[in-house]
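Please read the structure below before turning to the comments.
The values are calculated or read from the model by the stated rules, or taken from the named source; none is laboratory data. None of these values were measured; they are calculated from a predicted model. Cβ atoms come from the backbone with ideal geometry, glycine included; neighbour counts cover every protein chain shown.
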């Protein structure tokens with residue numbers, strides 16, 4: 001296999017066109033097999049095989065800086081930079097990251113997995129090199145989906161104003177995680193991608209050039225007329241308006257064509273956009289034909305999960321409440337909105353990779369009489385905290401934030417752990433926060449959230465499976481739920497941590513320690529009856545799948561310490577936690593039944 005001989009970009013530069021074609025096939029086969037085994041991102045990587053090869057053949061990496069937006073598309077980049085043999089550890093503890101990693105390789109510059117940031121990185125690096133008179137090219141790859149994010153436009157604007165030497169590769173496949181919410185690509189290729197126009201144009205140019213005596217002059221006149229017509233039919237290209245030279249579009253699966261375009265672009269001073277057209281999922285029919293299931297993470301929404309409970313309840317509530325609408329930021333599949341969108345297509349809005357816009361638009365929808373549900377991953381909500389606080393919170397609007405993948409998520413690493421949401425949202429005045437501990441609780445909390453009309457509500461849940469419980473074990477409204485009566489210690493398990501608290505209580509019982517266990521259900525405002533009961537114990541231990549400092553445990557401690565009760569707050573430390581299985585991470589942090597029981601024994605000097 002040719003792939004086995006590729007240990008770095010230098011090995012690519014000696015290959016013939018025929019060998020490159022074989023290599024592309026080998027890479028695609030390797031990616032499909034790997035993702036089937038290890039899970040991960042499929043469609044995005046299959047679509048950039050030729051583009052990645054062309055970039056590394058043209059550039060002098062890592063001296064030349066190659067930056068990738070939304071780093072889940074870098075599997076090919078990793079393979080071409082000497083890491084193919086490590087893919088059997090993909091997304092595993094201590095193994096290969098699913099995103100660029102500065103610790104892994106000098107070819108990886110930024111560890112980004114949140115979209116729309118790469119142009120700002122490119123501008124900053126180009127500024128640093130120009131200021132220090134360092135000769136290094138900066139090339140940034142960004143997808144059309146990422147251009148739906150506002151930060152990308154801030155980067156474009158500053159590149160155009162500054163005139164920095166940056167080559168921007170616009171990878172245009174018409175999709176982000178879902179079909180791209182943008183008319184930019186359509187406007188850029190409106191004329192150039194019309195096959196009738198292009199075929200007629202080529203025939204006319206060939207005929208004109210062959211005319212005796214006047215052929216070349218006629219051809220020049222025709223080309224000038226074509227440019228004038230294009231200018232009349234199509235607005236001045238978007239990028240050139242911002243001060244960036246625009247080139248393209250080019251076939252993103254033609255290595256020779258891409259290399260020629262790159263070599264030409266690198267000759268220009270100032271920022272240049274090279275527009276390439278690719279097909280996401282190329283070479284693997286299930287991914288090419290299914291725009292959702294095979295494109296992003298192949299895990300999908302699992303039956304019996306918290307996400308499935310959200311989906312089921314949202315559709316049901318949608319039938320009962322015509323004012324209910326749903327909003328997401330380019331992830332209607334992973335957040336479980338597809339059934340709601342199918343049932344109510346006019347009430348489901350995908351705004352693209354634009355969390356800030358999603359939140360403020362939701363505030364305005366609420367002002368207009370709708371009941372918006374904003375469905376996001378917990379880690380992505382932090383991109384829009386200012387809007388949550390001032391656009392929703394300050395205006396007291398009844399927006400419901402439904403936050404999936406809250407807490408420790410595992411395989412995707414530090415950027416995807418949703419551990420900031422409880423700290424941040426609990427500081428928003430008027431915010432109500434629910435934390436379900438079971439499938440049935442989430443459904444009830446959705447109903448309870450709709451009954452709250454005087455401010456925002458957040459419901460946060462983990463990626464893990466949801467316990468199924470009897471109806472008698474489901475709370476109501478803003479009340480907490482005592483699941484076990486004891487006398488010596490009070491354990492308060494927030495959300496999924498209730499199961500760990502119950503396990504700890506069982507283990508402590510074997511030591512003769514009677515523990516009370518509370519499921520708070522609502523962590524803002526904290527249930528008064530829970531606080532009163534907790535204060536009657538000599539020791540209270542809180543457990544949450546979020547940051548320990550500034551989180552819910554600290555709020556509980558503030559409420560009961562004044563009464564002389566000792567409180568121990570257990571949670572996630574304020575550090576970046578690398579990828580590993582979620583259960584393994586929680587175990588190391590002491591957030592399991594065994595870890596909690598050991599902590600109680602230590603505190604009670606048992």
Selected residue [modelled with pLDDT under 95, part of a helix (DSSP H, G or I) and in contact with a helix residue (DSSP H, G or I) (Cβ under 6 Å, 6 or more places away or on another chain)] from 36, 13: 13
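If you take the residues of region 245-267 that are without any contact (Cβ under 8 Å) to a residue 60 or more places away in the chain and out of contact with any strand residue (DSSP E or B) (no Cβ under 6 Å at 6 or more places or on another chain), which of them is surrounded by the fewest Cβ atoms within 10 Å (Cβ to Cβ)? Before you say what the answer is, go through the steps one by one.
Looking only at region 245-267, we keep the residues that are without any contact (Cβ under 8 Å) to a residue 60 or more places away in the chain, and these are 245-247, 250-251, 257, 260-261, 264, 267.
This time we only want the ones that are out of contact with any strand residue (DSSP E or B) (no Cβ under 6 Å at 6 or more places or on another chain), so: 251, 260, 264, 267.
Numbers: 251: 15, 260: 14, 264: 12, 267: 8.
Only one residue fits best here, namely 267.
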Residue count, region 459-487 (criterion: within 17 Å of residue 533 (Cβ to Cβ) and out of contact with any strand residue (DSSP E or B) (no Cβ under 7 Å at 6 or more places or on another chain)): 2
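Does residue 93 satisfy the criteria of being assigned to a loop (DSSP other than H, G, I, E, B), surrounded by fewer than 24 Cβ atoms within 10 Å (Cβ to Cβ) and within 23 Å of the chain's Cα centre (by Cα)?
Criteria met by residue 93.
What is the residue count in region 465-499 for residues that are outside any loop (DSSP other than H, G, I, E, B), surrounded by fewer than 22 Cβ atoms within 10 Å (Cβ to Cβ) and touching a residue at least 60 places away in the same chain (Cβ under 8 Å)? If you could, list the steps in order and put the result at the bottom.
Kept after step one, since they are outside any loop (DSSP other than H, G, I, E, B), are these residues of region 465-499: 465, 471-473, 481-484, 489-493, 497-499.
Cutting the leftovers down to surrounded by fewer than 22 Cβ atoms within 10 Å (Cβ to Cβ) gives us 465, 471-473, 481-484, 499.
With the extra rule that they be touching a residue at least 60 places away in the same chain (Cβ under 8 Å), the set shrinks to 465, 499.
The number of residues fulfilling the criteria is 2.
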Residue 381 in a strand (DSSP E or B), in contact (Cβ under 8 Å) with a residue 40 or more places away in the chain, in the same structural domain as residue 312 (by TED's automatic domain parsing) and touching a helix residue (DSSP H, G or I) at 6+ places or on another chain (Cβ under 8 Å): no
Filter result for residue 420 (buried (at least 24 other Cβ atoms within 10 Å of the Cβ) and outside the structural domain of residue 575 (by TED's automatic domain parsing)): no
Pair list, Cβ < 6 Å and 6+ apart or interchain, from region 115-140 residues that are without any contact (Cβ under 8 Å) to a residue 40 or more places away in the chain to residues that are part of a helix (DSSP H, G or I): 120/155
Answer from 46, 23 - the residue that is closer than 20 Å to residue 5 by Cβ and either out of contact with any strand residue (DSSP E or B) (no Cβ under 6 Å at 6 or more places or on another chain) or crowded, with 20+ Cβ neighbours inside 10 Å (or both): 23
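This table checks each residue for (1) over 21 Å from residue 308 (Cα atoms); (2) crowded, with 24+ Cβ neighbours inside 10 Å.
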site	(1), (2)
369	yes, no
375	no, yes
403	no, yes
450	no, no
463	no, yes
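I'd like to know if region 277-296 contains one or more residues that are assigned to a strand (DSSP E or B) and either more than 30 Å from residue 28 (Cβ to Cβ) or modelled with pLDDT of 95 or more (or both). Spell out how you get there, then give the answer.
Residues of region 277-296 that are assigned to a strand (DSSP E or B), as a first pass: 277.
Subset that is either more than 30 Å from residue 28 (Cβ to Cβ) or modelled with pLDDT of 95 or more (or both): none.
No, because not a single residue in region 277-296 is assigned to a strand (DSSP E or B) and either more than 30 Å from residue 28 (Cβ to Cβ) or modelled with pLDDT of 95 or more (or both).
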